[in-house]
Every structure is written in structure tokens, then in C-alpha cells.
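What follows is one structure encoded as C-alpha cells, with my remarks underneath.
The values are calculated or read from the model by the stated rules, or taken from the named source; none is laboratory data. Remember, it's a predicted structure, so these values are computed and weren't measured experimentally. We place every Cβ from the backbone using ideal geometry, glycine too, and count neighbours over all the protein chains shown.
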Amino acid sequence: MTTLTPEELKQAHIVLTEFTYDLRPVERGYANRTLHIDLSSNTITAKPVSQHMKDTFTGGRGFCMWLLWNAVTPDTRWDDPENAIIIAGGPIGGITAYPGSGKSTVATVSPLTGSAFDSNAGGYFGPYLKFSGWDALEIQGIARQDVIIVIDGDSGRVTIEAAPLEDIDSHLIGPQLTEMYSFDEKDRQSVSVASTGQGAEHSRYAGLNLSWYDTRRGKVRVKQAGRGGSGRVFRHKRIKAVVVRYSSMTGDSNHPANMNLIRKAGRRINKEIIENDPKQNNMRGVGTGHLPPIMDSFDLLPVHNYRFGAHRDASKLDTSVWDELYTHGIPDGCWYGCTLSCAHGVDDFELKTGPYKGEVVLVDGPEYETIAGEGSNIGVFDPLAVVEMNFYCDTYGIDTISFANSVAFAMECYEADILNKRITDGLELVWGNADAALELLHQIARGEGFGLIVGQGVRYMKKLFVSQYGADPAFVQDIGMEVKGLEVSEYVTKESLAQQGGYGMALKGAQHDEAWLIFMDMVRKQLPTFEDKAEALHYFPLWRTWFSLHGLCKLPWNDVVPTNNSETDEPHKVPEHVENYTWLYEGLSGKPATPDDLLAQSERVYTFQRLLALKLGYGTREHDYLPYRAMGPVTAIEYQSRAERYDEQLRDEVGVDPGGMGVEDKIARLRTYREEQYDKLMNAVYARRGWDENGIPTLEKIRELGIDFPDVIELVQQKTGQRT
């Protein structure tokens, strides 16, 4: 950790390239240009955003996928210079009258999956980037030395600067650069930093941290685009950080067509949040920390690598625990004007381990995924250990979900005698060993020991354990909780076929930000047929895609709802909030829009991202299958823990009398049935999406959506044999 002042750090910078540009106002949510940086040649250029690009790809994630499509070839791998890392907000992003409007999408070819990947985060980066004059930032090439990219939206200047002395870890470099590029303490709110941490130099599942300055705390805070390994790409390109500065923020910086319509939507949702949130999910009080007891009560809380869905010690991770740990009385929104304010933190936490042992720090979170991952899924029911892991994952740039699942997989392999202390360098990887989990995390950051193996992810470990330690390939495949190389987010899906589809057929891998259908499917029984499930797996991924096109958070959509929502025809869609989004779009663009118009924006981008996966060698049926543990019981202990339920299913659904059958026979028969059900679901979903039986979009669908570019048509014809 450096002891130099920000001024001393800045004096060591060497400007390698400088680019100046004209400052001009955003027009109806668009800056109308993107910023391209090639680190290999130290060149900076501006690219125009055409009306056709806006009409086809909308913004945000859509712009990311279009830029990535043009950056890569079918042979591009994550560590190739042409692989781009792209950050974009969206046209609605940056408004302050509606909550949750500060999201950014980060896209790249993933070190985990090998395919196109998107991840999103809050913080100020995306809006500031746009208001500085850029709808997206695209970085290619590999620098010869550690660099910081600075985008100054006040002066119209972009620089690539050699930065030899700054710290790498986010909790250090974020404050250093925020102070370095602001004039005084008040001005620190004008700076946002994208950074990662030392773990990104060694782990395939490192992510990015996007910052904002919390004026009430007087501290820099971060939100994570944690999934998929963008941080690994970031550091491979030798980027220490990207700084964006913009100090002229106003409520109408987007220059919308009709600000009154935007305010109308904002007044309605803000009133609901203030009145209803304390009675519903209490996001303003504990955020997603309200979820662990709910998941435990419905057998959905991952325990011991998803073997179980509940645990007798789950109360130690209960809502009341986080309510006591989180700091209250301070607005916790990660963008201006967000009344949902769910970005809670633990202040004045003294670290017990690692290189910063004894320091008192602010920990952002933990949120549900971290609580369930670093908690119950590895058998740790000590909330303070979870907070410690949360902090170090964030500052090292490590995705908490992938880290948790990688540790859980290693712990089960240790229990199964695939691993031993000789292999793990003396670490006893038994359930609940928080000290061992933390040591693995520190080893990832140092790039040494068994932690370096764990830091490569579950898919990598499966192959390694088979080739070097004699593991049964079928067993590790069944229990290794990853899809497409991405570790599964923290919900037990055994009893929800729809959510299995939501994980397996998600474009990037098993992440719940495409569709979270467990309650609709398993609890409320609202999706009884394959067609019902397929319709949900068409609609909800498109709606959530829409948020990522525009720079919006999904939480204000359905984590607080109107009091009369249950009386509507489709309460699961929250119709009043859908209407809000049509108002937001019309208010911004001046174009009246129906919900179907908004979904059409999403379907173009969603289908195009599937085609980009196809271009990179993925995007077909074989990649949409799940490990069996996500579908049903793999081991006898799993079956026996729910024996009454599974026996009843064998009788009533499979038509088999379990009496007299051994446990292994029951497992096998149930497995055959569930895998058949999943195949039928895939067929139904592909048909609804306009994809062929191999999961490839048809030429008819591609033309219908207006993405029938010559290279797209050629790709599909090459992969399928379809002809005009």
C-alpha cells in the first residue's frame, strides 16, 4: 500500500496520448458518439452513432453487443488484443426523477465462458460517461505498461497516462483517483472510477468496480459488474483504472423531449416506494438482505454446494442480523435521486485477516447473493466472516458468486476424497471453514497455492480434477454448478423447471438477471404448461434486457409494487410500472410507445447477442444444458433429505411405485424424467423465441427483427444450412 499523496502519485504520471473533443449537450438521451481506445497503438478516436444504430440496438447493452460484434472474429479469445471491453449506460440512464437510473453494462469476451458476456453495475460511471460526450467506451489492445484512462467531460479531453505508483485494490485506488482528479472535497462527487483489484491478475472470474462518492459518509463506494471476468480482461490489458469526470450534472442533463412526463412517472413510483416499501420488502432498510429467511423457508437457500435448500443455522444469516450490521439513517442510493436506496453498507468494520488486517473499512453490502454464497453455500453461518469475505472480494475485484461456488465445489470434492491436504496445500476444506475460504481468497489475490486453482472457476477445476486427481467425470459434471462456464447464482432450482430454463437458456450462463421465475412456477403454480413456461422465458428475459438497454435497475420494477397490483390481470408483470416505463421512454424520446414497442427493442438485441455467441463458437443447444444438481438430487443424502417429496413425485408424476426401490434406482428414474422434461421445455422455449431446434435464430426471425446484416445471414447459413 503506497504512502504517497494523490499529488505525488499524479506527478509520476506520463501522458502517453491526448485527445480533445468538442463538448456538446446530450440530445434526448444520446451523446451520438462512442469513444474508441486502442492501447496497443495508444490511439483514441471518436465513432459516430447513427440513427440506424439507435433504431436497431437502442443503447446500453445493445451498443455493447454491436461494438463487440465488429471488434472480434470467430477466432477471438478473451486474452487476444482485439477483444474489447466495453462500458455503456443507456438513453434513459442518468435521469434523476426516476429511481434506479444509473446502471452501466460492461461487455467483453469472457475468460470463463469464451463467449460474449454482459454484466451490469450501479454507481455514477455510465451516466457521467454519457454526459461527458460518449454513449459507450470501447477499449481494445494491450498496453505496454500500467495505464489509467482519464475522460474529462468538463474540458473535453481524454488521456492515456502511464501510472506506475497507484495501488491496484479498489478500496485504495478509488479514493486516490477521486481525490487526484477533483478540485476539493465537494468536487469529489464529480468523479467516478472503474477499477478492479489484484485478484484480477490471477482469476478468471474477476469483475469491475464502478464508484460513486458518498457525500454523507465522505467516502468512495463501489458497485460491482462482478460476473464473467471483465476485471481479468481489464488487467490483462494493463489498465489500472478508468476515470470519468463530469461536474455539470442537472436533473435534465439528458435533455428529454418531455420532462413533465418523466416527472409524472417518477412521482408515482416514489410515492409507492415511500408508502409501500416498509410493508413489502424493506429495500430501503435492508435491501436484498431481506431474502435469506424467505429462501430458507421455501427450501431455496443454497446449502453445501446446492445439495440442500435450508439449514438449521440459517437464522444466523437472518434479516435481523443484517439490519443490525448495516448503517442506518444515511441515504444509500448509488445514483442521484434513487429513493429505493438499497445500496447498504457496514461502516467501521475491522478486518481480521489478509494484507489489511486491523484496518477499519467500509464494506458495501453484503447483498443476498454474497450472504447465500459466502454463507450457507459453503456452510459458513458467521455473518462477520461473510462481511470479511465480501470486503476482500470487492477490493480484490473478485466475483462473490463465482468465488463462493468454486469454494463450495472444492469443499464437496474434498469431502468426496477427490482432494486432500496434500493437494490443497494443507487447507482443510470442510463445510463451514471460513478461515480456509478466506485463505483461498487471499491466495487468489497473491496468485499462489491452491487458491490459484480455485480462482479459475468450476469448469476449469472439473477438467483438472479429472485429469490430475482421478475424479469421476460424471460426478464432477453433476455437482459442478456452472452453465456455459459461469457459476450459478445463489438459488436452488431443483423444483422449478422454469427457473432451470432461466439458468440453462440464459445467453451468458446461469445468472438470474434474465429471469427469476421460481415463485411464479414453484410457489404460485402460475406456469402449469410448457407453453406457459416458454412464454415466461420469452417475456421476462426481454423485459430485463430492456433495463440494460436503457441504463435502468430492475429493482424498482417489482421489488416494490402498487397496493392494488394483485387485482390486475397480470400482477407478475406489475402493469403500472410497465406503464411508467412507456412514459419514461416517451418523455425522453418524444415517441409514444406501447409495452410491445419496448419489448421489440429488447428482442432485437437479445437475438443478436445469441448470434454473437454463435459467431464465437457457442450459442447452440449443447451449451444450454445444466449440471444435474440444478435439476434434481445427485447423491443419496440429497434424495433422503427430501425422500417424502421425491417418492411422491415418482408416484404422481413419473408413474413409478417407489416401494421396494433402492435410493440409487429412485435417483436414476427421477433423473430420466426430469431430463426429459427439460428437453421438452427447451423445445418449447426455442419455438417461442423463433429459434430452430438447435437453438439458432431462424432466418425468418432475423429478418423480422431487422438484424439481417449480410454477415449475420452468412453465419446462420453456414451453421444451419438454411437458405434464402
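For the stretch 502-517, the count of residues that are under 16 Å from the mean Cα position of the chain (by Cα), basic (Lys, Arg), part of a helix (DSSP H, G or I) and not assigned by TED's automatic domain parsing to the domain that holds residue 309 is zero. Summed over the stretch 363-407, residues that are more than 23 Å from residue 316 (Cβ to Cβ) and not hydroxyl-bearing (Ser, Thr, Tyr) total 3.
The residues listed here are 211, 170; of these, the one that is in the same structural domain as residue 118 (by TED's automatic domain parsing) and over 16 Å from residue 444 (Cα atoms) is 211.
Summed over the stretch 620-645, residues that are surrounded by fewer than 19 Cβ atoms within 10 Å (Cβ to Cβ) and aliphatic (A, V, I, L, M) total 3. Criterion applied to 459, 446 was being of a type in the set (Lys, Arg) and more than 23 Å from the chain's Cα centre (by Cα), and the one residue passing it is 446. If you go through the stretch 373-382 one residue at a time, do you hit one that is without any contact (Cβ under 8 Å) to a residue 40 or more places away in the chain and over 26 Å from residue 174 (Cβ atoms)? Looking through the stretch 373-382, none of the residues is without any contact (Cβ under 8 Å) to a residue 40 or more places away in the chain and over 26 Å from residue 174 (Cβ atoms).
The set of residues in the stretch 634-678 that are in contact (Cβ under 8 Å) with a residue 40 or more places away in the chain and either over 17 Å from residue 522 (Cα atoms) or touching a strand residue (DSSP E or B) at 6+ places or on another chain (Cβ under 8 Å) (or both) comprises 634, 635, 637, 638, 641, 671, 675. The residue that is surrounded by the most Cβ atoms within 10 Å (Cβ to Cβ), among those in the stretch 203-240 that are at positive phi and under 20 Å from the mean Cα position of the chain (by Cα), is 228. Screening the candidates 478, 472, 521 for the property of being modelled with pLDDT under 95 and either touching a helix residue (DSSP H, G or I) at 6+ places or on another chain (Cβ under 7 Å) or outside the structural domain of residue 635 (by TED's automatic domain parsing) (or both) yields one hit, 521.
Say we look at the stretch 533-562 and pick out the residues that are assigned to a loop (DSSP other than H, G, I, E, B) and modelled with pLDDT of 95 or more; which of these is farthest from residue 265 (Cα to Cα)? Filtering first and then ranking leaves 551. Taken over the stretch 362-380, the residue count meeting the criterion of being in contact with a Leu (Cβ under 6 Å, 6 or more places away or on another chain) and either of a type in the set (Phe, Trp, Tyr) or over 23 Å from residue 513 (Cβ atoms) (or both) is 1. Here residue 641 meets the list (1) within 18 Å of residue 477 (Cα to Cα); (2) under 33 Å from the mean Cα position of the chain (by Cα) almost entirely, failing just condition (1). Step by step: first the residues of the stretch 151-189, then only those that are in a helix (DSSP H, G or I) and of a type in the set (A, V, I, L, M), then the one that is surrounded by the fewest Cβ atoms within 10 Å (Cβ to Cβ). Which residue is that? The residue in question is 172.
Number of residues in the stretch 304-330 that are out of contact with any helix residue (DSSP H, G or I) (no Cβ under 9 Å at 6 or more places or on another chain) and over 23 Å from residue 373 (Cα atoms): the value is 2. Taking the criterion of being basic (Lys, Arg), crowded, with 19+ Cβ neighbours inside 10 Å and assigned to a helix (DSSP H, G or I), the only residue of the stretch 264-308 that qualifies is 284.
So that you can scan it fast, the table gives a plain yes or no per residue for (1) modelled with pLDDT under 95; (2) of a type outside the set (A, V, I, L, M); (3) surrounded by fewer than 19 Cβ atoms within 10 Å (Cβ to Cβ):
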{"site": "664", "(1), (2), (3)": "no, yes, yes"}
{"site": "679", "(1), (2), (3)": "no, yes, yes"}
{"site": "686", "(1), (2), (3)": "no, yes, no"}
{"site": "695", "(1), (2), (3)": "no, yes, no"}
{"site": "702", "(1), (2), (3)": "no, no, no"}
{"site": "705", "(1), (2), (3)": "no, no, yes"}
{"site": "712", "(1), (2), (3)": "no, no, no"}
{"site": "724", "(1), (2), (3)": "yes, yes, yes"}
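Selection of helices (runs of 4 or more DSSP H) fully inside the stretch 630-694 by the criterion of at least 3 residues being under 25 Å from residue 530 (Cα atoms) returns 643-649, 663-689.
Which one is farthest from residue 164 (Cα to Cα), of the residues in the stretch 9-34 that are outside any loop (DSSP other than H, G, I, E, B) and among the β-branched types (Val, Ile, Thr)? So the residue we want is 34. Can you tell me which residue is nearest to the chain's Cα centre (by Cα) among those in the stretch 422-431 that are under 21 Å from residue 475 (Cα atoms) and of a type outside the set (A, V, I, L, M)? It comes out as 431.
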